[in-house]
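Written out below as structure tokens is the structure these notes cover.
Readers should treat all values here as calculations from the given coordinates under stated rules, not as data from a laboratory. What you see is a predicted model; the values in this text were computed from it and never measured.
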Amino acid sequence: ARTELRGGPRAGCWAACGARGGGKGAQARTVSSGFGLTDLATGEVGRGEGAEVGEGGRQVAALMKAGQLVPDPVMVRIVSERLARNPDEDVLLDGFPRTVEQARALDELLASEGRRVDMVAALTAPEDALIDRLLHRAQVENRADDTRQAIEERMHEYHQRTAPVLDHYRSAGVVVAEVDGVGDPGEVFGRVRVAVRPGAGPDRGPLSH
Ligand code: AMP
């Protein structure tokens, strides 16, 4: 299954988007283990960066706690370092790119290595369902970044800054699979699997069974 999803001769790159609370992280882990991709979750990496001593680490930790995006240059540096460590692996970027600026930087970085983003998958769900899920998770996992204010800020940021990433890739001819994220994780994964199947998507002709 390792090469099943690859778009070209070089290691592939997949991006998983979706507003917070949509189950993006869990789906990304299932997809990457199912298809043999290296899972690079930028939220996890950011938490590591935020734990670093010094001004940079403190800034990252404060932004994450407030539910705000970490500045593009910081995020792009982190991702490029991680990608450089895995030059021959198919990578699933969970939570990146979240801005058009990040997308452009990623495209350039991959192009310089003869790679590209092969597919983008985004989970969709109604906003009130997302807010409920995040508040529930805040209780269960005791996550400092999941206050109501932080959640609402992230929703706003998603519409302003992340939704345009999908258009960026659509207009570049990359398949963008929008998957209904409502339901239990197994059910949602069933939909994800259909959507990310090789040959799926409007730019690659009709779905083949
Ligand atoms: P996540 O677990 O993917 O929802 O990420 C948690 C937090 O990490 C986000 O709320 C941001 O503060 C930060 N973060 C993760 N990915 C990015 C990104 N691509 N750009 C900016 N900040 C990010």
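Miscellaneous remarks
- Per residue, the convex hull spanned by the Cα atoms of region 47-109 measures out at 88 cubic angstrom.
- In sequence order, calculated HN-Hα J values of region 62-67 (Karplus, 6.51, -1.76, 1.60; Hz; x Gly/Pro): 5, 5, 5, 5, 7, x
- Put simply, the amide H of LEU92, placed in the peptide plane, has neighbours under 5 Å in TRP14, THR38, ASP39, LEU40, leaving out anything fewer than 5 places away on its chain.
- Normalised by 2.2 N^0.38 Å, with N the number of residues, the alpha-carbon radius of gyration of the chain equals 0.99.
- The string of couplings for region 109-125 from the Karplus curve (6.51, -1.76, 1.60, θ = phi - 60°) is 4, 5, 4, 5, 10, x, 10, 7, 6, 8, 6, 10, 10, 10, 8, 10, 6 Hz, one whole number per residue in order, with x for Gly and Pro.
- D by Stokes-Einstein for region 54-166, Kirkwood Rh over Cα pairs, 25 °C, 0.890 mPa s: 157 µm²/s.
- In order along region 160-176, phi translates into HN-Hα couplings of 6, 10, 8, 3, x, 4, 5, 5, 4, 6, 4, 6, 8, x, 7, 5, 10 Hz, rounded to whole numbers, per the Karplus curve 6.51 cos²θ - 1.76 cosθ + 1.60 with θ = phi - 60° and x for Gly and Pro.
- Calculated mean residue ellipticity, 222 nm, the chain: -15500 deg cm²/dmol, from DSSP H runs (n ≥ 4) at -39500 (n - 2.57) each, averaged per residue and rounded to 500.
- GNM on the chain, alpha-carbon springs under 10 angstrom: the most fluctuating residue among VAL188, VAL174, VAL140 is VAL140.
- For GLY67, distant residues with modelled amide H under 5 Å away: none
- Cut-off under 5 Å, modelled amide H: who pairs with ALA177 long-range: VAL120, ALA121, ALA122
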